Amino acid sequence: MSCAALLFAFLPVLADLARHLAETPWARYSALFPLLALACVLREREPRRAQRDAAVWILAGLVVLLLGHFIGAVRWGRVGAALAAIGLCRRFGWGSWRSQALLLFAVPLPAAALRMAEPLSRQLLALADVLVGWLGADVAPVAVGRPGSGLPLMPLLAGLAWYAALRRQLPLRAALTRTAGAALLAFPIQLLATALAALAASAVGAEAARAALIHAPWLVVALLGVTHAERAAAEPVPA
């Protein structure tokens, strides 16, 4: 199947994804990973042969797309789009499999995962309330609901750790370990962000603090993560 035909097949999914990112600030982290994957592909200048399993990846993407339409879950097509994109990369020899894996992080976290994390969001708000309570602040004005669980930061941190390991050319085991460990940092980061927003609310206003809590954590994490990865890439790989 040609690139144009695949693009036409996934066009409704891509349009829905663009709308989702425009309307959902916490999901915008996913737009970073196609750019990181492209950067890695451009750095890997060594020509690569087309992989025989390319058609399998593309077919898997189409199957997921059709299944999503059949059961009325069109957003499943996002996973299919990522799989098909990996298949195209493998078909034309674009990048290593580690670079191609970054495309999987381009699929936004499902809303169902956020619904399941609502108890965790309440617990983090309670902890943040304890942290700032002795200063006379209150986290209630800055509560942001489901994204406040910190769960959306997990795939962002994991993807950034994978990218950093790729840039340093770390062994697979070290890359997987760092990726898993980085994802766990999402909760203390969200806790700190919530506490800081609550403390700032009295100075900048509740609405401004709430907006900062929605937009700032993933932007700051993305900026610091990419900066760290590029600086670490210049360091020697540990023995």
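Select one label from (i) 62, 51, 26; (ii) 93, 42, 38; (iii) 68, 49, 28: the one whose number is Cα extents along the principal axes in Å as derived from the coordinates shown.
Comparing each candidate, only (i) matches the computed number.
With contacts defined as alpha carbon pairs under 8 Å and 6 or more residues apart, what's the relative contact order of the stretch 109-239 in percent?
32 percent
Which helices of the chain meet both criteria: a Cα extent of 18 Å or more along the helical axis and a mean Kyte-Doolittle score no lower than -0.5, with helices taken as whole DSSP H segments?
Helices meeting the span and hydropathy rule in the chain are 3-23, 54-71, 77-92, 118-133, 153-168, 186-204, 206-233.
How large is the helix-only mean residue ellipticity at 222 nm for the chain, computed as the sum of -39500 (n - 2.57) over DSSP H runs with n ≥ 4, divided by its residue count, in deg cm²/dmol to the nearest 500?
Estimated from H runs of four or more residues: -23500 deg cm²/dmol.
Could you list ILE86, ILE214 so that the one with the fewest beta carbons within 10 Å of its beta carbon is first and the one with the most is last?
ILE214, ILE86
Under unit Cβ charges (Lys, Arg +1; Asp, Glu -1), what dipole magnitude, rounded to 20 debye, does the chain have relative to its Cα centre?
For the chain, the charge dipole is close to 840 debye.
Tell me, what is the FRET efficiency for LEU176 and GLN123 to the nearest 0.05, using R0 = 30 angstrom and their Cβ-Cβ distance as r?
0.60
Bear in mind these aren't lab numbers, they're just calculated from the coordinates by the rules spelled out. Model, not experiment: these values are computed from the prediction. Neighbour counts run over all protein chains shown; Cβ positions are idealised from the backbone, glycine included.
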